[in-house]
Amino acid sequence: MLTTTTSRANFFIQDVWPKFETEQQAIERHATLVRQLQKGDHSAQQVVAKLAECRGHRRCGSPICPMCVRAIRRWSICGMIACFNELFAANPSGLSDKTVRFSAIPREEQYREGELFTADLWV
Ligand SMILES: [Zn+2]
């Protein structure tokens, strides 16, 4: 069982993925999206209002918000790298550089062998 808390990694995303979008790029994409939506109908205006809530450490949480999507991608990639690092430290020969897939399951969604059928997949 892994013991790493993967919510924070000790590196910057650009150190491991130099072409990962920068915060400035996400901010510019956010501004462009807001400008485009401001020309839209009432529904678009509602989305603009939601996106306007996204500032600093107060995220709007919208799935179309470039800043929130970047934050989620950054968090998940850093978490995966931290997990890989922990696995590799525990068993250096167990992971090769040929690993191409990764799946993660939150602790609260873990099931004992033979009990996966009890998972509620309709959420
Ligand atoms: Zn946002």
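The values are calculated or read from the model by the stated rules, or taken from the named source; none is laboratory data. Quantities reported herein were computed from a predicted structural model and do not represent experimental measurements. Positions of Cβ are generated from backbone atoms using ideal geometry, with glycine treated the same way; all protein chains shown enter the neighbour counts.
The table below gives the values:
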item	result
Selection within segment 63-91 - surrounded by fewer than 16 Cβ atoms within 10 Å (Cβ to Cβ) and assigned to a loop (DSSP other than H, G, I, E, B)	Pro63, Ile64, Asn91
Residue among Arg59, Arg29, Arg107, Arg101 that is farther than 21 Å from Ile13 by Cα and under 21 Å from the mean Cα position of the chain (by Cα)	Arg107
Flag if Gly94 is over 20 Å from Val16 (Cα atoms), modelled with pLDDT of 85 or more, small (Gly, Ala, Ser) and not in a helix (DSSP H, G or I)	no
Hits in segment 42-62 (condition: in a helix (DSSP H, G or I) and not hydroxyl-bearing (Ser, Thr, Tyr))	His42, Ala44, Gln45, Gln46, Val47, Val48, Ala49, Lys50, Leu51, Ala52
Any hit, segment 43-52, residues being away from the ligand (no atom under 16 Å from the Cβ), farther than 24 Å from Phe102 by Cβ and exposed (fewer than 11 other Cβ atoms within 10 Å of the Cβ)	yes
Of all residues making up segment 53-67, the number that are near the ligand (Cβ under 6 Å from one of its atoms) and either closer than 13 Å to Glu21 by Cβ or in contact (Cβ under 8 Å) with a residue 24 or more places away in the chain (or both)	3
Test for Glu23: is it over 13 Å from the mean Cα position of the chain (by Cα), under 29 Å from Ser103 (Cα atoms) and of a type in the set (Asp, Glu)	yes
Pair list, Cβ under 8 Å, 6 or more apart: segment 1-28 residue on the phi < 0 side of the Ramachandran plot and surrounded by 13 or more Cβ atoms within 10 Å (Cβ to Cβ), other residue modelled with pLDDT under 85 and of a type in the set (Lys, Arg)	none
